[in-house]
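K.L.:
Can you read through this structure? Questions will come right after.
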Amino acid sequence: MQVENYVIKQARLINEQRVDILVENGIIQDIAEHIESSYETVNFYDDYVSAGWIDIHTHCFDKFEIYGDQPDLIGYPHGVCTVVDAGTAGSDTIDEFYQQALSAKTRVYSLLNISSPGIYAQDELADLNRLNKEAILKSCQKYPDFIVGLKARMSKSVLGDSGNQPLVFAKEMQKLVNLPIMVHIGTAPSVLEDVVDMLDKDDIITHIFNPKDNGIVKNRDLKACVFKAKEKGILLDVGHGTDSFSFEVAKIAFDKNVHVDIISSDIYFRNRLNGPVYNLVTTMNKLLYIGYMLEEVINAVTKNAAKALHFNNLGEIAIGKIADFTVFKMCSKDIKLMDSTHLEVKSHYYIQPTHTIVKNQLYQLEEEKS
Ligand SMILES: [Zn+2]
């Protein structure tokens, strides 16, 4: 349903405040206890209303068989207003991805892979000839409103014998294009300690709760470099994916008061259909299970996600922001949740999105079967 000028009556916010939200031409114009207006009203009753959810690590470009999906299969039907493709496309393939993304009902952005073709194969950074400075500069100039950062996948299967060289290159490129950078971690090399040393404040590490030896845990305790990363202001992102989320690792971090800044899914068609990802909210529910507060989980897919990628008009219910909303209810019912190590837990409390408002369209969602 098209909605451009309307008032959400008595929206229930996550701090339990009730407010009227006036939207004009798709922009939040007023927020107050009571707003008189001739515009149509929308009422979500006891469901919560948050800013539209943002998933900063997805694969929603379907050119390559290895990782890929379509924005509208992972986005608005699951309460996600904005999906960011994390490096499926590089400078050779960004034109095609941009053209595909234009028709999506979900907002779509790209973190440009520093390897020219993108993830055409698992080892896109094994050949250093695929690091092309001029091509990256050209792509970033051509698509300033689409390319919102750079992506470097710094793990053994991706790098081959390239060592830390691609990350040195990525950091150099970052200075030139002045954009956020997301670094994927996994099996060494690169060694986690090196990655932390090479990154700066506001750079993003994704796959932070992966269960691998080169992850954040050793002998059931957090490695010192995790605290160093926090001190430096490096942003920690979940990036669940097929292999990168362990309840045990997340819980050890939680018990040491190391929380993620951002929750993302690393979803693509296989882990969407077969699990363990399914959708963004299932990952959010796993963090709720670990012990995160609801407000923290919502902030991790709204405010913090927007800030990390400089989405100045998204991520908050505030005057002047774009009127993207996710409406959800809290359910007290048993659900099973499985991590990447096939550990299955039972949770008794979970988030269920019920409506999405994005690009001036209101969607009523089907019940998820997660
Ligand atoms: Zn990924």
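The values are calculated or read from the model by the stated rules, or taken from the named source; none is laboratory data. Since this is a predicted model, take the numbers as computed values, not measurements. Here Cβ is always computed from backbone atoms with ideal geometry, including for glycine, and neighbour counts include all displayed protein chains. Calculation scope for accessible area: heavy atoms of the full protein, side chains included, ligands and nucleic acids excluded. Shrake-Rupley method; radii C 1.70, N 1.55, O 1.52, S 1.80 Å.
K.L.:
Mind putting a number on the dipole of segment 136-272 about its Cα centre? Charges go on the C-beta only, +1 for Lys and Arg and -1 for Asp and Glu, and I need it in Debye to the nearest 20.
P.N.:
Its charge dipole is roughly 200 debye.
K.L.:
List the lysines whose Cα sits under 23 Å from the Cα of Lys333, skipping any in the same chain fewer than 8 residues away.
P.N.:
Cα-Cα hits under 23 Å: Lys251, Lys286, Lys346, Lys369.
K.L.:
Please list, or write none, the lysines whose alpha carbon is within less than 20 Å of the alpha carbon of Lys175, excluding same-chain residues fewer than 8 places away.
P.N.:
Within the straight-line limit of under 20 Å, Lys175 reaches these lysines: Lys133, Lys138, Lys142, Lys151, Lys201, Lys232, Lys307.
K.L.:
Can you find, among Gln29, Ile263, Cys81, the residue farthest towards the positive end of the dipole of the chain? Put +1 on the C-beta of Lys and Arg, -1 on that of Asp and Glu.
P.N.:
Ile263
K.L.:
Could you state how much accessible area Thr354 has, in square angstrom rounded to the nearest 10, with a 1.4 Å probe and all protein chains kept in place?
P.N.:
20
K.L.:
Shape call for segment 53-308 from the C-alpha gyration tensor, a ≥ b ≥ c root eigenvalues: rounded (a/c under 1.5), prolate (a/b greater than b/c) or oblate?
P.N.:
Note, shape of segment 53-308 comes out oblate.
K.L.:
With θ taken as phi - 60° and the coefficients 6.51, -1.76 and 1.60, list the Karplus ³J(HN,Hα) couplings across segment 254-266 in order, rounded to whole Hz; mark glycine and proline as x.
P.N.:
Ordered by residue, 3J(HN,Hα) equals 4, 5, 9, 6, 9, 10, 6, 8, 10, 10, 9, 9, 6 Hz.
K.L.:
With a cut-off of 8 Å between alpha carbons and a minimum separation of six or more residues, what is the relative contact order of the chain in percent?
P.N.:
In percent, rounded to a whole number, it is 19.
K.L.:
Give me the net charge for the shell around Lys223: Cβ to Cβ below 14 angstrom, other residues only, Lys and Arg +1, Asp and Glu -1.
P.N.:
Once positives and negatives cancel, what remains is 0.
K.L.:
I'd like the trypsin sites (Lys or Arg not before Pro) in segment 335-370 restricted to DSSP loop residues with at most 11 other Cβ atoms within 10 Å, sorted by number.
P.N.:
Filter output for segment 335-370: Lys369.
K.L.:
Straight-line reach from Lys9: which aspartates and glutamates fall under 15 Å, measuring Cα to Cα and dropping same-chain residues less than 8 apart?
P.N.:
Answer for Lys9, where 15 Å is the Cα cut-off: Asp20, Glu24, Asp30, Glu33, Glu36, Glu40, Asp46, Asp47, listed by chain and number.
K.L.:
If you find the alpha carbon centre of segment 211-282 and of segment 70-102, how far apart are they in angstrom?
P.N.:
23
K.L.:
First measure r as the distance between the Cβ atoms of His348 and Glu16, then evaluate 1/(1 + (r/R0)^6) with R0 = 22 Å and state the FRET efficiency to the nearest 0.05.
P.N.:
The computed FRET efficiency comes out at 0.60.
K.L.:
Nothing charged except the Cβ atoms of Lys and Arg (+1) and of Asp and Glu (-1): what's the magnitude of the dipole of the chain about its Cα centre? Round to the nearest 20 debye.
P.N.:
600
K.L.:
At most 11 other Cβ atoms within 10 Å and a DSSP loop assignment: could you name the trypsin sites (Lys or Arg not before Pro) in segment 197-306 that fit?
P.N.:
Those satisfying the criteria are Lys201, Arg220.
K.L.:
Just want to confirm a number: the relative contact order over segment 25-113, from Cα pairs under 8 angstrom separated by 6+ residues, in percent.
P.N.:
Over segment 25-113, the number comes to 26 percent.
K.L.:
Still on this structure: Work out the charge dipole of segment 261-370 with +1 on the Cβ of Lys and Arg and -1 on the Cβ of Asp and Glu about the Cα centre, then indicate which of Val358, Ala308, Val297 is farthest towards its positive end.
P.N.:
Checking the options against the dipole of segment 261-370, the answer is Val358.
K.L.:
Based on DSSP H runs of at least 4 residues, each adding -39500 (n - 2.57), what is the mean residue ellipticity at 222 nm of the chain after dividing by all its residues, to the nearest 500 deg cm²/dmol?
P.N.:
Computed mean residue ellipticity for the chain: -6500 deg cm²/dmol.
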